[in-house]
Amino acid sequence: MMATRSFEWLDRRALAAIRFVDAVTGAPADGRIALAASGVSVARNRSGAVVVLAAPGLEEHRTSFTAPPPTPAIGSLEIAIDARPASPVYAARRFALRLPRDPDPDHRDHPDSLFAAAIVELLPSPAYSPSGQAAALRVSVRRADDQRHVGGALVRLRPSAGLSPTRALTDAAGEALLVVRGVPLASPGPGATTVPDIAAELDVLVDPALASFVADDAIDAARAQALAEEMGFIDPDDVETRLAATAPPAVAVRLASGATGAVTLHWSPP
């Protein structure tokens, strides 16, 4: 576990700031977030950001105020941090924080700047409540060979109509919720007609070494175990980066404003 403190002024140099945002709305994520990483110490400031005070390999940076040490190189260290939101509407996840951040004041607008917070998206859990006229899709992922539920699968939805793609991780029961904002009430159909929904493509990425495979009669136990975990979560960014090129063919689905659909995906082991 990492050490956590709460204060505004620091007697040491901050290594980075982290802000957690709702992946659906882009707004700051609600609620406390428990963080775990070996050798990492953080504090929370009044603006809601998490400030990283110490990390492995950056011991000299902690007390260097006039100028940062020349080594290691900017962004050369990747620190894996596990995040478990207190709110059940967000899924627990791992993320990678690249350090050290760029200390050049002239680079404040760069995403890796020390003066800009690293943004981490919290993906919706199946308990997330879509607001307004958002379209939602409940996805169940099962193995094609034995029908076990696949936990830790990354499901991705690419809507048409110029809307942004969205994604979610399945929970211990193999369930995920995808939410798309801005789906129009009607869209062009065949000829001069209109239809009350839009097309979208859905696929799933599974790393067998990280995913869990749960039989129907073991779901309650798997959920209880998942609630007790504090670290060792899946990094959706890592899964997508490594496996996107080998994604299975996408499934065609329809999305309607203000409605929630449901679909089951069957994943075949490689």
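The values are calculated or read from the model by the stated rules, or taken from the named source; none is laboratory data. Keep in mind that what you see is a predicted model, and the values were worked out from it rather than measured. Cβ sites come from the backbone with ideal geometry, for glycine too, and all protein chains shown count toward neighbours. What goes into the accessible areas is simple: the full protein's heavy atoms, side chains included, and nothing from ligands, DNA or RNA. Shrake-Rupley method; radii C 1.70, N 1.55, O 1.52, S 1.80 Å.
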inquiry  = Within 15 Å, Cβ to Cβ, of Leu177, how many net charges do the neighbouring residues add up to if Lys/Arg are +1 and Asp/Glu are -1?
reply    = +1
ask   = Mind listing the phi-derived Karplus ³J(HN,Hα) values for segment 136-143, rounded to whole Hz, using 6.51, -1.76 and 1.60 with θ = phi - 60°, and x for any glycine or proline?
value = 10, 9, 8, 10, 10, 10, 10, 5
ask   = Cβ under 15 Å from Tyr128's Cβ, Tyr128 left aside: what net charge do those residues give with Lys, Arg +1 and Asp, Glu -1?
value = -1
message = How high is the relative contact order of segment 120-219? Use alpha-carbon pairs under 8 Å, at least six apart in sequence, and give a whole percent.
response = 33
Positive-end extreme of charge dipole, segment 79-236 - chosen from Val183, Leu137, Ala224 (charges on Cβ) = Val183
Beta bridges by DSSP in segment 126-270, antiparallel share as percent, to the nearest 5 = 75
request  = At 0.36 nm per residue, minus the direct Cα-Cα distance, what do Glu229 and Ala252 gain on full extension? Give it in nm, one decimal, please.
outcome  = 4.8 nm
ask   = DSSP beta bridges in segment 18-95, what fraction antiparallel, as a percent rounded to 5?
value = 100
note = As a percent rounded to 5, the proportion of antiparallel DSSP bridges among beta bridges in the chain is 70
message = Per residue, how large is the accessible surface of the chain? Use a 1.4 angstrom probe and give square angstrom.
response = 50
request  = Work out the length of the dipole vector of segment 103-250 about its Cα centre, built from +1 on the beta-carbon of each Lys and Arg and -1 on the beta-carbon of each Asp and Glu, and round it to the nearest 20 debye.
outcome  = 600
inquiry  = For the ranges 14-20, 216-222, what's the packing order if you count other beta-carbon atoms within 10 Å of each residue, average per peptide, and put the highest first?
reply    = 14-20, 216-222
remark   = note: segment 155-203, Cα-Cα separations exceeding 12 Å make up a percent value of 66
ask   = Can you give the FRET efficiency for Ser160 and Glu60, using 1/(1 + (r/R0)^6), R0 = 35 Å, r = Cβ-Cβ distance, to the nearest 0.05?
value = 0.10
task = Sum up the charges of everything whose Cβ sits under 13 Å from the Cβ of Val239, counting Lys and Arg as +1 and Asp and Glu as -1, but leave Val239 out.
result = -1
Equivalent ellipsoid dimensions for the chain as semi-axes, Å, which come from the Cα gyration tensor, largest first = 37, 22, 17
note = Applied in sequence order to segment 100-105, the curve 6.51 cos²θ - 1.76 cosθ + 1.60 (Karplus, θ = phi - 60°) yields integer Hz couplings, x standing for Gly and Pro, of x, 7, 6, x, 6, x
query = Once the Cβ-Cβ distance between Glu201 and His107 is put in as r, and R0 is 45 Å, what FRET efficiency do you end up with, to the nearest 0.05?
reply = 0.75
message = Quick check: at a probe of 1.4 Å, how many percent of the accessible area of the chain sits on carbon and sulfur atoms?
response = 54
The chain, relative contact order [Cα under 8 Å, separation at least 6], % = 19
Hypothetical label at Thr194: residues of segment 248-269 whose amide nitrogen lies under 20 Å (7 Å Cα-Cβ projection) = 254-260
